[in-house]
1. List the number of the failed condition for residue 508; all other conditions in (1) within 16 Å of ligand 3 (Cβ to nearest atom); (2) within 18 Å of residue 366 (Cα to Cα) hold.
2. Considering every residue within the range 332-348, establish whether at least one is under 28 Å from residue 199 (Cα atoms) and in contact with a strand residue (DSSP E or B) (Cβ under 7 Å, 6 or more places away or on another chain).
3. Which one of these is under 20 Å from residue 443 (Cα atoms), in contact (Cβ under 8 Å) with a residue 24 or more places away in the chain and within 16 Å of ligand 1 (Cβ to nearest atom): 394, 355?
4. Across the range 429-444, which residue is nearest to the chain's Cα centre (by Cα) among those that are closer than 25 Å to residue 505 by Cβ and away from ligand 1 (no atom under 16 Å from the Cβ)?
5. Which pairs do you get when a residue that is over 15 Å from residue 61 (Cβ atoms), found in the range 85-108, comes within reach of a residue that is in a helix (DSSP H, G or I) and more than 16 Å from ligand 1 (Cβ to nearest atom), reach meaning Cβ atoms under 6 angstrom, with the pair 6+ apart or on two chains?
6. Got a sec? Which of 457, 471 is outside the structural domain of residue 438 (by TED's automatic domain parsing) and buried (at least 21 other Cβ atoms within 10 Å of the Cβ)?
7. When you go through (1) buried (at least 21 other Cβ atoms within 10 Å of the Cβ); (2) more than 16 Å from ligand 1 (Cβ to nearest atom); (3) under 25 Å from the mean Cα position of the chain (by Cα) one by one for residue 319, which number turns out not to apply?
8. Does the range 361-380 include one or more residues that are under 25 Å from the mean Cα position of the chain (by Cα), in the same structural domain as residue 477 (by TED's automatic domain parsing) and within 16 Å of ligand 1 (Cβ to nearest atom)?
Ligand SMILES: *[C@@H]1O[C@H](CO)[C@@H](O)[C@H](O)[C@H]1NC(C)=O
Ligand SMILES: *[C@@H]1O[C@H](CO)[C@@H](O)[C@H](O)[C@H]1NC(C)=O
Ligand SMILES: [Zn+2]
């Protein structure tokens, strides 16, 4: 397995002769960039704009004159404005991403990115992580997919080196902190992209388990893989139902990843369950008519869980335990595959009637969530907070569009403002969230329709044509995992938040985003 190495060279400018491209990112109405290192190159940008107005708003390449310049290739990427109501830190993300892509297209392999520092006017909470966002977007632009790294050694990296100069207000020490943080987040996102983006054969459930073992060998994350079919059937009956239709080489794995700090008291515990559907044919409710392509990306929730554990592994935060569970399964068709109408008893004892085999994500996760809840209680985990992370519904995409995750809380999580905390963190790090709420109707919708069953697992319209289509599965996860017994009215309230990343997991064709790793990192890992 070819581990991904981020080709970071330095967080300080060396001699210009070390680079074959300088990327200048500028922000309109911000003068701070006009002094400090690299600012003397701005005159070339201004001169260029005199002849090409478009360069005010689009990235461009400028060939610098030879006279005394040690660097000849300059890419300018304008970020636009950041001072109006609906501007946000994604201006930095977009400018950096486009700028690095332009530099790559020009053939650059040793890139120096000049990060615009912010003057006081914009140094608000909204933009306090703008430099981090710029670095992360630059890294994102040079990531190389696992399958390419494995197939072509010579293509294992898009560049030889990338460097950043960060100056102005930023102190050396804060640059060092940012470097660690950026590397940890990007290493986590690379793991998420490797797992989430790879094809259904390269990342079948057993292969995902192998990959994860390799990534966390010799690390502070403990890996436990459940692969025994009869054990899975007994402990995770809903996941086992989805698993029934698949051949041996695609059989389910439940992977547990545990991080505990090496010393000091633990104050809180994050328990994350990720949907890892390595391929979703829909099952016998088959995705017909050309809507199946792309369904290897249905494992991006589990991929994000593994990625976040990698970020945690690199940052080694104190005071927090993180338990990740990856529910890896393939939703196939075949003589043994589960079908609509079956009655299945979940781990919690709740009886389900299958309504639609394409609603397999909630099936894959629900017993694993129930299991983690039991573990947390049994092992007396300090302040547990439960999450499910999943590319769960088409409704999430239609409701908020691409690029946004949706988060919704149960009662105890709502009381702690968890959605708001994560949304604010996401806004700062260009990993945006919309907040939804789970309501009484969402539970009523799932109620059994006859005395045979407690719960009907799904209706038969696409989620995108079902009102409240992204909240209803969250209600299912609460009821069927038994978390409904741990609400605000119980003696042991357990906070739980469901995150639907169907919109934000990234484009196909294209590269997975690694959402919501940056937002979770800023929310929970004491980065400041
Ligand atoms: C999502 O973000 C990407 C990268 O910034 C952008 O190219 C794309 O247009 C965005 N999609 C939508 C629907 O805004
Ligand atoms: C949650 O937010 C509300 C409204 O802003 C505030 O009154 C409350 O104190 C917050 N609760 C916690 C636990 O932060
Ligand atoms: Zn499905």
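1. It fails just one condition, (2).
2. Applying the first criterion (under 28 Å from residue 199 (Cα atoms)) to the range 332-348 yields 332-340.
In the following step, the residues that additionally are in contact with a strand residue (DSSP E or B) (Cβ under 7 Å, 6 or more places away or on another chain) were identified as none.
No, there is no match, as no residue in the range 332-348 is under 28 Å from residue 199 (Cα atoms) and in contact with a strand residue (DSSP E or B) (Cβ under 7 Å, 6 or more places away or on another chain).
3. Numbers: 355 fails: within 16 Å of ligand 1 (Cβ to nearest atom).
One residue alone meets the criteria, 394.
4. Residues of the range 429-444 closer than 25 Å to residue 505 by Cβ: 429-438, 442.
Keeping just the survivors that are away from ligand 1 (no atom under 16 Å from the Cβ) gives 435-438, 442.
Numbers: 435: 17, 436: 19, 437: 21, 438: 22, 442: 26 Å.
Top of the filtered list is 435.
5. Within 6 Å, the pairs are 89/127.
6. Working: 471 fails: outside the structural domain of residue 438 (by TED's automatic domain parsing).
Criteria check complete, one pass: 457.
7. Of (1) buried (at least 21 other Cβ atoms within 10 Å of the Cβ); (2) more than 16 Å from ligand 1 (Cβ to nearest atom); (3) under 25 Å from the mean Cα position of the chain (by Cα), only one is false for residue 319: (1).
8. Scanning the range 361-380 turns up no residue that is under 25 Å from the mean Cα position of the chain (by Cα), in the same structural domain as residue 477 (by TED's automatic domain parsing) and within 16 Å of ligand 1 (Cβ to nearest atom).
The values are calculated or read from the model by the stated rules, or taken from the named source; none is laboratory data. Quantities reported herein were computed from a predicted structural model and do not represent experimental measurements. Here the Cβ is made from the backbone with ideal geometry for all residues, glycine too, and neighbour counts use every protein chain on show.
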